[in-house]
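Undergrad: Dropping a structure here in structure tokens format, bear with me for questions.
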Amino acid sequence: MSEWMDWANELFPFNQSIRRDLHQHPELGFQETRTAALIARQLEELGLEVVTGIAETGVVGTLKGGRPGPTILARFDMDALPIQEETGADYASVSPGVMHACGHDGHVAIGLTTARMLASRKEQLAGQVRFVFQPAEEGQGGAFQMVEQGAAEGCDFALALHLWNDRPAGWVGLREGPVMAGADVFKVRIRGVGGHGAVPHQTVDPIVAGAQMITALQTIVSRNISALKTGVISVGAFHAGEALNVIPAAAEFGGTLRFFEPGVQARMGERIRSVCQGTAQAMGCEVEVEIEEWTQAVVNDATVTGRLEMVFRKEFPELHVDADCQTMASEDASAFLERVPGVYFFVGSANKERGLTYSHHHPRFDFDEQALTYGAGLMAAGIWELSHKKS
Ligand SMILES: [Zn+2]
Ligand SMILES: [Zn+2]
């Protein structure tokens, strides 16, 4: 076992206790006040310079090394989700309807453990490490606010990670280039003319129009995007009507787009608008299409990825390093990686034997806490590598 892993192992009780404490007390995006206070207290104890209240509840701690060198940004998200927990764990959420179902409790614990590991060696550390604890990753764009408020300024490299229940604990995934997709959300509002279900010829039926639009949207990826590129369009909501014998006056649906390239994003958006407008015209309805940009793809820098892959393979022979990992899920960490060359990597966290295989955002989501040790070891070794050698 490598020195990094030994060290992370020693700190496992600390790592686990932070994770379980946060798991019991989850907080939604921009409301992470208890979480932020805990983080600030821990970082201050280690002697870091701490700034709170960035992007409302964000915390930034700076660890200065004993020698000159680059500034490394290490980012950890800290928000929970509006989900009622059903794990039955001893450390289950005590807040009704709020749950750490994505593993961000583990990310904060890994971040604080990494800070401990590096703070105890700060005399040998070159440059400085900026620990960025970000609020509101789950669709509220906390990263964009942190970046606007200067959290990424002056950084030479950036690292971020996600615990990943799609893969077992012991697996690590990274890849150069796009590793997570960009995402937009769209809403379509259709106005027709309501009336009695018995006399549809006296109405303009927005449900039939909406159904045709949703069917037609399925052709965009297959007919308008090159087969060599990747895109996803999924409709996640369709609302219309109340009574079974009434044709309503309006219908509304919406969904998400996923893409790795801005060109694909633009083409899908353009086609959604024209398919919906054309169908509405043919069906005699009025339509409004709204597309909102969420995040760009998370793109890993090739050189930094190469350096990290090398360190991971060398220092963690017990882990399986997968250098071709990619997902259509999205992340606002793109806001940091767009500005600072860096790497976003995945830390496998499932355990089949123990039934810890539920997907992220499931009410029974939980992970193998061994992944906390792997996460801290990998993050600390990654930061050390970027601090100490020239690219
Ligand atoms: Zn999530
Ligand atoms: Zn997440």
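Since every read-out is calculated from the coordinates, none of them should be taken as a lab result. None of the values given here were measured: they were computed from a predicted structure. Note that we place each Cβ from the backbone using ideal geometry, even for glycine, and neighbour counts take in every protein chain shown.
Undergrad: Of the options 348, 253, 358, report the single residue whose Cα projects farthest towards the positive end of the charge dipole of segment 225-373 (beta-carbon charges: Lys, Arg +1; Asp, Glu -1).
TA: 348
Undergrad: So what's the back-of-envelope 222 nm ellipticity for the chain, counting only DSSP H runs of four-plus at -39500 (n - 2.57) apiece and dividing by all residues, rounded to 500? Intermediate values should be presented prior to the final figure.
TA: Values: 10 runs with 130 residues, N = 391.
After summing the helix terms and dividing by the residues of the chain, the value is -10500 deg cm²/dmol.
Undergrad: Determine which aspartates and glutamates satisfy two conditions relative to residue 314: a Cα distance under 19 Å, and not lying fewer than 8 residues away in the same chain.
TA: Correct list for residue 314: 3, 6, 176, 322, 324, 385.
Undergrad: Angle, helix 262-283 long axis vs. longest principal axis of the chain, Cα atoms, 0 to 90°, nearest 10?
TA: So the inclination is approximately 20 degrees.
Undergrad: Could you size up the charge dipole of segment 191-328 around its Cα centre, putting +1 on the beta carbon of Lys and Arg and -1 on that of Asp and Glu, and report it in debye to the nearest 20? Walk me through the numbers before you get to the answer.
TA: On the way: 10 positive and 16 negative charges, 82 e Å.
About 400 debye.
Undergrad: Can you give me the pair-distance distribution of segment 182-295, C-alpha pairs, 5 Å bins, whole percents?
TA: Over segment 182-295, the share of Cα pairs per 5 Å bin runs 2, 12, 23, 21, 16, 11, 7, 4, 2, 0 percent.
Undergrad: Sorted from fewest to most neighbouring beta carbons within 10 Å, what does the list 91, 344, 374 look like?
TA: On the way: 91 18, 344 24, 374 27.
Ascending number of Cβ neighbours within 10 Å: 91, 344, 374.
Undergrad: Then there's this: Given H placed on each backbone N at 1.01 Å, which residues far from residue 193 in sequence or on other chains put an amide H within less than 5 Å of it?
TA: 204, 205
Undergrad: Using alpha carbons only, how many degrees (0 to 90, rounded to 10) separate the axis of helix 370-388 from the longest principal axis of the chain?
TA: 70 degrees
Undergrad: Would you mind ranking 5, 268, 379 by Cβ crowding within 10 Å, fewest neighbours first? Walk me through the numbers on the way to the answer.
TA: Numbers: 5 21, 268 24, 379 27.
Exposure proxy ranking, most exposed first: 5, 268, 379.
Undergrad: Near the amide H of residue 297, under 5 Å away, which other amide H atoms are found, from residues 5 or more places off or on another chain, if H is placed in the peptide plane?
TA: Under 5 Å from the amide H of residue 297 lie the amide H atoms of 182, each far enough along the sequence or on another chain.
Undergrad: Something else now. Set Lys and Arg Cβ to +1 and Asp and Glu Cβ to -1, take the dipole of segment 182-295 about its Cα centre, and tell me which of 218, 199, 234 lies farthest positive.
TA: 218
Undergrad: For labels at residue 281 and residue 62 in the simple 7 Å Cα→Cβ model, what's the distance in nm?
TA: In this crude label model, residue 281 to residue 62 measures out at 5.7 nm.
Undergrad: Moving on to the next point. Tell me, what HN-Hα J-couplings in whole Hz come from the Karplus equation 6.51 cos²θ - 1.76 cosθ + 1.60 at θ = phi - 60° for each residue of segment 12-19, using x for Gly and Pro?
TA: Karplus values, whole Hz, x for Gly and Pro: 4, x, 5, 3, 5, 5, 5, 4.
Undergrad: Got the relative contact order for the chain handy, in percent, Cα pairs under 8 Å and 6 or more residues apart?
TA: Details: 938 pairs, mean separation 96.5, N = 391.
Relative contact order, the chain: 25 percent.
Undergrad: Oh, and also: Against the longest alpha carbon principal axis of the chain, how many degrees, from 0 to 90 and to the nearest 10, is the axis of helix 302-315 turned?
TA: 50 degrees
Undergrad: Kindly provide the pair-distance distribution of the chain built from C-alpha pairs, with 10 Å bins from 0 and whole-percent values in order of increasing distance.
TA: 5, 22, 29, 22, 13, 7, 3, 1, 0
Undergrad: How do 100, 362 rank when sorted from fewest to most other Cβ atoms within 10 Å of their own Cβ?
TA: Numbers: 100 29, 362 16.
Ordered from fewest to most neighbouring Cβ atoms within 10 Å, 100, 362 come out as 362, 100.
Undergrad: So, with +1 on the Cβ of K and R and -1 on the Cβ of D and E, and no other charges, what is the size of the charge dipole of the chain about its Cα centre, to the nearest 20 debye? Mind dumping the intermediate values first?
TA: On the way: 31 positive and 49 negative charges, 157 e Å.
My answer is approximately 760 debye.
Undergrad: How long is the gain from residue 199 to residue 148 if the chain were fully straight, where each residue apart is worth 0.36 nm and the alpha carbon distance is subtracted? Don't skip to the answer; put the middle values down first.
TA: Details: separation 51, 0.36 × 51 = 18.36 nm, distance 5.53 nm.
Extra length from residue 199 to residue 148 when fully extended: 12.8 nm.
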